[in-house]
1. For the range 206-223, enumerate the residues that are touching a Ser or Thr at 6+ places or on another chain (Cβ under 7 Å) and in contact (Cβ under 8 Å) with a residue 40 or more places away in the chain.
2. When the range 123-141 is examined, which residues are found to be polar (S, T, N, Q) and within 22 Å of G108 (Cβ to Cβ)?
3. Working carefully through the options V65, V29, find the one that is touching a residue at least 60 places away in the same chain (Cβ under 8 Å) and either surrounded by 15 or more Cβ atoms within 10 Å (Cβ to Cβ) or under 28 Å from the mean Cα position of the chain (by Cα) (or both).
4. Filter the range 135-171 down to residues that are surrounded by fewer than 21 Cβ atoms within 10 Å (Cβ to Cβ) and of a type in the set (A, V, I, L, M) and give me whichever is nearest to V251 (Cα to Cα).
5. Going through the range 51-93 one residue at a time, which ones are of a type outside the set (A, V, I, L, M) and closer than 22 Å to L20 by Cα?
6. Here is a list of conditions, (1) within 17 Å of the chain's Cα centre (by Cα); (2) closer than 13 Å to E116 by Cα; (3) in a strand (DSSP E or B); (4) not charged (D, E, K, R), and L172 meets all of them except one; can you say which number that is?
7. Of everything in the range 104-127, what is in contact with a Leu (Cβ under 9 Å, 6 or more places away or on another chain) and in a helix (DSSP H, G or I)? Give them in sequence order.
8. Any chance the range 44-63 includes a residue that's aliphatic (A, V, I, L, M) and closer than 21 Å to G266 by Cβ?
Amino acid sequence: LKLPAHLALSQYRNAALVQLSAVGGIWLVSFLIWWSNFALAAYLLSEGSWRERARRAAPILALLVGSILLGNAWLPISGQRQTVAALQIADCDEATMRKAQLKAAQAGATLAVWPEFGGLAMAPRGDTSILREMEGPPFVTSFRDDQSPLPHNVAALFAEGKESARYAKRKLFGEESKMHVPGDRAVAAGDIGLNICFDSCFPFVIRDTARLGHRLVALPTIDPPSTNGFIAAIHASYTPFRAAENGIAMVRADGYANSMIVDPRGRIVAEAGTGDRILVAQTVLGPRWAPGKWLGDWWLWLCGLLLLIPYVRSRLHSEAKHGNRSKDPVESPGVDRHEL
């Protein structure tokens, strides 16, 4: 899919449904929303006694009431904590980012995430010498490497004058495919996972990163400016699901709006509105129990299999019926023989 949108995104703040994605992924949550709508329509169009109608309505009401009552019921969580920062800054020149790094350090952050291309102006042709000299807490940003004829959009962790292995963005959005070459693998940077922007719309991309054993995923992002940050808000709604699906914390730093710090349950610990700001919060780190991280998109495949069963049964029935017809005796026209 060019943009794999889900009905589940409408529930990215619902504790019960977001945490459910740790088992069946975002696919299970979307399925429940689709099912409840179809079931409600079928109920409204159905006929019968009040007992029969009540029986049909029971599962719909159970799902609705449960999601409301448990909408803020986050499971308890414990583990190592870290204070992190998302630097939501539109114009990332060197002077601005140096000041932002110092402010993040003063606020107690031990890791900062910059927006996508936050390091572009300071890494000409992939030379990161300026970024390696940057003061403040360790940070993650993205820039272009020097590959020819088209570069990668890469992210790296910078700490103590050193640069980690580079991660190349795997999912390019829209016209970006004419400017960059996509990467093809997850990359480890200590216990911090690296992904970039549009990667977060695809469960398997974040899952590949989480399977390397990371405790936190840094997600530099840049969304097009829009009224009230509408586009950034839609994109940001993927983040709680990706965190819950994989049992890892995530730091999403956008250039314009809706930067987020999310814990391994999928709970939004801190969130920015629109405009430049430095978002700092403490979050529990992963990994947290999340079977979906290892089972993958099992719910999606199960639904696909169940859809195939009626088709296969219909085909088998049709072939059996055709076979029975071919075995029926065929009467030949009689021939009168006259002996001369």
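1. If we filter the range 206-223 for residues that are touching a Ser or Thr at 6+ places or on another chain (Cβ under 7 Å), which is where we start, we get 206, 217, 219-220.
Passing the criteria: I206, L219, P220.
2. Result: T141, single match.
3. Numbers: V65 fails: touching a residue at least 60 places away in the same chain (Cβ under 8 Å).
None of the other options fit; the residue is V29.
4. Filtering first and then ranking leaves A159.
5. If we filter the range 51-93 for residues that are of a type outside the set (A, V, I, L, M), which is where we start, we get 51-53, 55-56, 59, 66-67, 71-72, 74, 76, 78-83, 88, 91-93.
Residues satisfying the conditions are P59, G66, S67, G71, N72, W74, P76, S78, G79.
6. With respect to (1) within 17 Å of the chain's Cα centre (by Cα); (2) closer than 13 Å to E116 by Cα; (3) in a strand (DSSP E or B); (4) not charged (D, E, K, R), L172 is out only on (3).
7. Passing the criteria: A104, M122.
8. Within the range 44-63, the subset aliphatic (A, V, I, L, M) is 44-45, 54, 57-58, 60-63.
Then keep just the ones that are closer than 21 Å to G266 by Cβ; that gives 63.
Yes, that holds for at least one residue.
The values are calculated or read from the model by the stated rules, or taken from the named source; none is laboratory data. Because the structure is a prediction, the values reported are computed rather than measured. Here Cβ is always computed from backbone atoms with ideal geometry, including for glycine, and neighbour counts include all displayed protein chains.
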